[in-house]
Amino acid sequence: RGLNVSGFNRDTVLVAGQELPSPFVQPVYSARDFVISEETARLYRDARPTNTRRNVDNQIKLFEQWCAERDRVALPCTTATLIEYVGWMINSGRYDPNTVSAYKSAVVTWQERKTPGRTRPGTIEVKEMISAFRSQWARTNTEKQSPAVREADLEEMVAACDERGRPADLRDAAILTLGFHLLTRRIELARLVVTHLTLHADGMDVRLVDRKTRKDGSVYEGWVPARDDAPTLCPVRRMRAWLDYGRRIRQPEHEAVFRALDKAGRLAQRLTKQSCPQHSDCSPSDPHDLTTEEWTELSFLSGEAINGYVKARAKAAERRLARLTEEERVEHGFNALLNLRTAARVTAHGLRAGGATELKEAGVPEDQIAEMGDWAKDSKAMQRYFRAIKAKAQNPWALARASRAAGLNTA
């Protein structure tokens, strides 16, 4: 009785009169063995960053809605349903291959998390479909990527911030210079807390607690030096100006560094029906009952908001350069602001790309750039920024011109 023989094979040996080895004894479970407390459940739910949870929730909601409209079972779904869903995304023309792949992965992970035995639909077919779609899509589309914001571009974008001297201008100048010099992602800028910054005379310490590739939750400790060679671009000077203003409007130190402001330059109230934390029964929490952590979460901007600030500054900077021809802009070293078309494509990612490119051209080793930008070793994304630099330096025509110039100088 209680003997579990499922693990027996022809080599199993049991000695009469001795206790059975524990692997062969079937345990008796009670309800307590399957229940976790509400406090633990909250830790489990909050294990992923808020922005990640929000994105995944939206992806799952789309799948559930799609299934409901077609009278298909969403959970657990069949392999055929997953194949049909991916096919619908591809055929709709609204999604690029990376988006289709991300949504597919969200659905598959959701199926595995929510079903008994952690079952999941088959994925071989959909992976092949997405691969074929990626090849087809590449023939007629170009991956949307922000032009790299080089130092000349950054200088003009910061100058656009200095034109009017409003509180939002102080904030945006700090965003531009810090994002460029620390090679940050937009969400990393959005989730910076005031206490994560320590300013010194010659630089500042920055703690980034939500870096994308640090799955173990480790914290990135960065140092950003002051720019005595270019005071207008100095991230320390710009951050000090913004934090000084934050103290005047009583910005809490345990909340976000970069904040939404109202027209009077005060901290904007972001406590709405949609943003207010909810109880387990989905009823909204009373504002007086919110914890410090919940108020901190409410203070964060979205990555899209950061993106919007950067895009607005790029457009304003391009207007400042309207008198210059494209040839003149090339001579001045502009890249993201080369013309109206490129300026319209600038995003916060251009700060990250531009900073990395400047470091590479200055001869900084790639492993040091990768560590600062939180790229994996031999990252394809990082190499994409450097490809143009290598191509210029190693291009046969460029080498030929350099050799000819050297010969003329010798003569």
Q.
Starting from the 7 Å offset along Cα-to-Cβ, what nm value, one decimal, do you get for the label separation of D202 and I124?
A. 6.2 nm
Q) Given H placed on each backbone N at 1.01 Å, which residues far from V193 in sequence or on other chains put an amide H within less than 5 Å of it? A) V257
Q | Net charge of Cβ neighbours under 15 Å - reference E328; Lys, Arg +1; Asp, Glu -1 | A | -3
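Given a Förster radius of 45 Å and the C-beta distance between R72 and D11 as r, what FRET efficiency does 1/(1 + (r/R0)^6) yield to the nearest 0.05? Please list the in-between numbers first.
Details: r = 47 Å, r/R0 = 1.05.
With R0 = 45 Å, the Cβ-Cβ based efficiency is 0.40.
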Q | Positive-end residue of A362, P27, G17, charge dipole of the chain with Cβ unit charges | A | A362
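With a ≥ b ≥ c taken as the square roots of the eigenvalues of the C-alpha gyration tensor of the range 102-164, please select rounded if a/c is under 1.5 and otherwise prolate if a/b is larger than b/c or oblate if it is not?
Numbers: a/c = 6.29, a/b = 2.11, b/c = 2.98.
Oblate, because a/c is 1.5 or more while a/b does not exceed b/c.
When Lys and Arg each count +1 and Asp and Glu each count -1, what net charge do the other residues less than 11 Å away from A168, Cβ to Cβ, add up to?
Numbers: positive: R164, R166, R171, R259, K263, R313; negative: D169, D172, D262.
Net charge in that neighbourhood comes out at +3.
At 0.36 nm per residue, and after removing the present C-alpha to C-alpha distance, how many nm does the segment from D57 to D262 gain when stretched out fully?
Here the answer is 70.9 nm.
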Q | Read-out semi-axes √(5λ) of the Cα gyration tensor in Å, derived from the coordinates shown; its label in (1) 47, 31, 24; (2) 41, 25, 20; (3) 32, 26, 20 | A | (1)
Q. When the Cα centres of the range 165-204 and the range 326-360 are compared, how far apart do they sit, in Å?
A. 20 Å
Q | Positive-end residue, the range 49-140 charge dipole about Cα centroid, Cβ charges, pick of W137, A102, V73 | A | A102
**Q.** Charged-residue dipole, Cβ positions (Lys, Arg, Asp, Glu), the range 49-140 about Cα centre, Debye nearest 20
**A.** 280 debye
Q.
Just to be sure I understand: with springs between alpha-carbon atoms less than 10 Å apart, which residue in F386, F34, F133 has the highest mean-square fluctuation in the Gaussian network model of the chain?
A. F34
Q. In the Gaussian network model of the chain, springs joining C-alpha atoms below 10 Å, which of P235, P396, P147 carries the largest mean-square fluctuation?
A. P396
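When only Cα pairs under 8 Å and 6 or more residues apart are kept, what is the percent relative contact order across the range 49-140? Could the numbers behind the result be given before it?
Working: 62 pairs, mean separation 28.3, N = 92.
The value is 31 percent.
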Q.
At R0 = 45 Å, how high is the FRET efficiency between A241 and R94 if r is their beta carbon distance? Nearest 0.05 is fine.
A. 0.60
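With a ≥ b ≥ c the root eigenvalues of the C-alpha gyration tensor of the range 42-152, is it rounded (a/c under 1.5), prolate (a/b larger than b/c) or oblate?
On the way: a/c = 2.23, a/b = 1.28, b/c = 1.75.
Oblate shape, in that a/c is at least 1.5 and b/c is the bigger or equal ratio.
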**Q.** FRET efficiency, 1/(1 + (r/R0)^6) with R0 25 Å, evaluated for R139 and K377 via beta carbons
**A.** 0.20
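Give, in nm to one decimal, the length gained when the segment between V330 and E64 is fully stretched (0.36 nm per residue of separation minus the Cα-Cα distance).
Details: separation 266, 0.36 × 266 = 95.76 nm, distance 5.02 nm.
Net length gain for the segment: 90.7 nm.
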Q | Estimated dipole of the chain in Debye, rounded to 20 [Cβ of Lys and Arg +1, of Asp and Glu -1, Cα centre] | A | 1000 debye
Q: Over 23 Å between C-alpha atoms is what I'm after, so list which of K311/K380; K114/K377; K104/K144; K61/K114 land there.
A: K311/K380; K114/K377
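We did not get these values from a lab; they are worked out from the coordinates using the rules stated. Since the structure is predicted, the reported quantities are computational estimates derived from the model, not experimental observations. Counting neighbours? That spans all protein chains shown, and the Cβs are built from the backbone with ideal geometry, glycine included.
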